[in-house]
Amino acid sequence: MLSRNTLSSKIIDVTIIIILLLVAITCILPLWYTLSLSFSSKSAAAAGAVTLWPVDFNLNSYKQLLQDTQFFKSFWISVKRVVLGAGLNFIIVPLMAYPLSKTVKDFKGRNVLTWTLIFTMLFNGGLIPIYLTIKGYGLMNSIWALVLVGGAQTIVFNIILAINFFRNLPNALEEAALVDGAGPWYILFKIYIPLSIPVLATVSLFSIVYHWNEFLYGLVFMTREEFYPLQTYIQQLVVSVDPSTMTEDQYKRMSEMSNRTLDAAKIFIAMIPVLVIYPFLQRYFIHGITLGSVKE
């Protein structure tokens, strides 16, 4: 017979498993409902008849998004934006976090630079000064307007996470390297960066998700549709539709779907890249954000 402690432990384990399953179902159901809604007909969506399975299955919403070349151009712009933005994030974060993780004795300007970074995270000049700055630098309709503005606003938080992660690494590692004659660059690239893969993967994931999902700056800094990133293009697809410029086939397709089914298709397409990338970075995520957010 099982002892009382063993039985109590099994009951607790089963309870935890049930709770985690309920949480998982709660997270999965909205995604599944969104997918079902995107495959349903206009009338079924308008009547609220869609639950967990598509009603009057069709691909009209996806055809509207995938039929024209501008969709693929915008998709490619978003891919370039993510690669450039995440790449700069991956380079700048360790280069700034490593010196700022030192003591004031080792780096006298640490406090000034740290508070300057924090100030920029808490306060900014607003959208109009940013627009005038980008226009003054001649970056309108440029991929760098999307990469630099978005990256500058999110990178400070990532640097702070990395600073705290570096501070949690044993000082003996650096001391031993210094005794052997290693310099700061060698210590950073040969010791700190290999050990900081969890936090670098975490901040890279934050950067990827931000650059992929952000759409406002595409509206602000791009004056022509051909330069829109994917999220901006999808957001404008229905909002800016001009019936007078639509062909007969386009008008027919628009009449066969509702905003709800098209919005569901937009949401699901926007989730796919993140859903594909996340499993590869997931094993680093908890470890990286935990060590990077706790200061001893």
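The values are calculated or read from the model by the stated rules, or taken from the named source; none is laboratory data. Source: prediction; values computed, not measured. Here Cβ is always computed from backbone atoms with ideal geometry, including for glycine, and neighbour counts include all displayed protein chains.
From the list PHE165, PHE107, which one is in contact with a Ser or Thr (Cβ under 7 Å, 6 or more places away or on another chain), of a type outside the set (Lys, Arg) and farther than 30 Å from TYR217 by Cα? Before you say what the answer is, go through the steps one by one.
Working: PHE107 fails: in contact with a Ser or Thr (Cβ under 7 Å, 6 or more places away or on another chain).
Of PHE165, PHE107, the one residue that is in contact with a Ser or Thr (Cβ under 7 Å, 6 or more places away or on another chain), of a type outside the set (Lys, Arg) and farther than 30 Å from TYR217 by Cα is PHE165.
In region 132-144, what count of residues is obtained for those that are among the hydrophobic types (A, V, I, L, M, F, W, C), part of a helix (DSSP H, G or I) and farther than 13 Å from VAL82 by Cα? Outline the logic, then answer.
Applying the first criterion (among the hydrophobic types (A, V, I, L, M, F, W, C)) to region 132-144 yields 132, 134, 139-140, 143-144.
Now drop any that are not part of a helix (DSSP H, G or I), which leaves 132, 134, 143-144.
Pick out the ones that are also farther than 13 Å from VAL82 by Cα and you get 132, 134.
Result for region 132-144: 2.
Across region 102-133, what is the total count of residues that are under 15 Å from GLY150 (Cα atoms), among the β-branched types (Val, Ile, Thr) and touching a residue at least 12 places away in the same chain (Cβ under 8 Å)?
2
Select from region 217-240 the residues that are within 15 Å of MET140 (Cβ to Cβ) and either without any contact (Cβ under 8 Å) to a residue 60 or more places away in the chain or surrounded by fewer than 20 Cβ atoms within 10 Å (Cβ to Cβ) (or both) and list them in ascending order. Before you say what the answer is, go through the steps one by one.
Narrowing region 217-240 to residues within 15 Å of MET140 (Cβ to Cβ): 217-229, 232.
If the condition is that a residue be within 15 Å of MET140 (Cβ to Cβ) and either without any contact (Cβ under 8 Å) to a residue 60 or more places away in the chain or surrounded by fewer than 20 Cβ atoms within 10 Å (Cβ to Cβ) (or both), then LEU219, VAL220, THR223, ARG224, GLU225, GLU226 are the ones that fit.
Could you identify the single residue in LEU22, LEU52, LEU65, LEU37 that is surrounded by fewer than 17 Cβ atoms within 10 Å (Cβ to Cβ), under 26 Å from the mean Cα position of the chain (by Cα) and among the aliphatic types (A, V, I, L, M)?
Working: LEU52 fails: under 26 Å from the mean Cα position of the chain (by Cα); LEU65 fails: surrounded by fewer than 17 Cβ atoms within 10 Å (Cβ to Cβ); LEU37 fails: surrounded by fewer than 17 Cβ atoms within 10 Å (Cβ to Cβ).
From the options LEU22, LEU52, LEU65, LEU37, the qualifying one is LEU22.
What single numbered condition from (1) of a type in the set (Phe, Trp, Tyr); (2) outside the structural domain of ALA270 (by TED's automatic domain parsing); (3) part of a helix (DSSP H, G or I) fails to hold for PHE71?
Unmet for PHE71, out of (1) of a type in the set (Phe, Trp, Tyr); (2) outside the structural domain of ALA270 (by TED's automatic domain parsing); (3) part of a helix (DSSP H, G or I): (2).
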